[in-house]
Amino acid sequence: MKLDRPARRATLVVHVAASAAWLGLTLGLLCLGITATTTGSAATTEASVRAMKLFADWPLLPVAFLTLLSGLLLSLGTPWGLARHRWVYTKFWLTLATTTATVFALRPGVNSAVAAVAAGGPLPDPGDVLFGPIVSLSAYLFMTAISVLKPWGPTRRGRRLRDESRTPVGAGRVRRAA
């Protein structure tokens with residue numbers, strides 16, 4: 001399935017906008033996490049982790065899934081392909097990993113921090129509110145860089161498909177002698 005030009009452009013706009021939103025949300029979560037761990041005020045700590053919960057519960061997952069799905073659609077609907085170029089393949093797996101980490105690590109960590117602080121206690125583990133955003137932000141910046149630079153060239157499958165497309169019709173594949 002190949003996307004026609006208008007569909008490809010629209011999907012690209014959605015993908016870039018969702019990716020930028022995910023990056024921005026994560027940067028905001030990191031700022032709130034830093035505030036929660038460095039302030040001396042219990043009220044500020046509680047406000048920070050409650051704001052983190054608000055972002056982690058509502059906009060973060062839809063934006064993550066939109067980024068993942070639009071990227072998958074772009075890779076399958078364009079000549080870039082999902083497994084033709086190493087940078088596309090790397091972005092897909094990193095996006096999948098960070099989405100999974102958001103569901104199973106970041107959100108539960110923020111929820112436990114909110115529960116502890118709302119009960120009147122201190123922030124139990126600063127890592128609950130810092131580790132997820134730091135790792136995610138690093139991954140998103142890396143994915144942004146490889147999207148722009150497109151390093152590493154094609155995969156083995158990508159080289160094979162490229163070579164097959166260059167082979168004239170009717171010409172057989174040349175085998176090497178053993």
Exercise. With no solvent and one point per C-alpha, what does the Debye sum give as log10 I(q)/I(0) for the chain at q = 0.13, 0.15 Å⁻¹?
Worked result: -0.72, -0.86
For this session: Amide H neighbours of H85 under 5 Å, at least 5 residues apart or on other chains, H built in the peptide plane: list them.
Result: T155
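What value does the stretch 74-118 have for Rg/Rh, both radii from Cα atoms and Rh as Kirkwood defines it? All intermediate terms of the calculation are to be shown ahead of the outcome.
Values: Rg = 16.4 Å, Rh = 12.5 Å.
When Rh is taken as the Kirkwood radius, the ratio is 1.31.
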Exercise. If ligands, DNA and RNA are left out, what is the accessible area of S19 with a 1.4 Å probe, given in Å² to the nearest 10?
Worked result: 40
Exercise. Which value, in Å² rounded to 10, gives the accessible area of D4 with a 1.4 Å probe and all protein chains present?
Worked result: 90
For this session: Only helical DSSP H runs with n ≥ 4 go in: add -39500 (n - 2.57) per run for the chain, normalise by residue count and round the 222 nm mean residue ellipticity to 500 deg cm²/dmol.
Result: -25000 deg cm²/dmol
Problem set entry | Rounded D (µm²/s) - the stretch 42-143, Kirkwood Rh over Cα pairs, Stokes-Einstein at 25 °C, 0.890 mPa s | 165
Exercise. With all protein chains present and a 1.4 Å probe, how do H15, H85 order by accessible area, largest first?
Worked result: H85, H15
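The values are calculated or read from the model by the stated rules, or taken from the named source; none is laboratory data. Since the structure is predicted, the reported quantities are computational estimates derived from the model, not experimental observations. Keep in mind that these areas ignore ligands, DNA and RNA; they rest on the heavy atoms of the full protein, side chains included. Shrake-Rupley method; radii C 1.70, N 1.55, O 1.52, S 1.80 Å.
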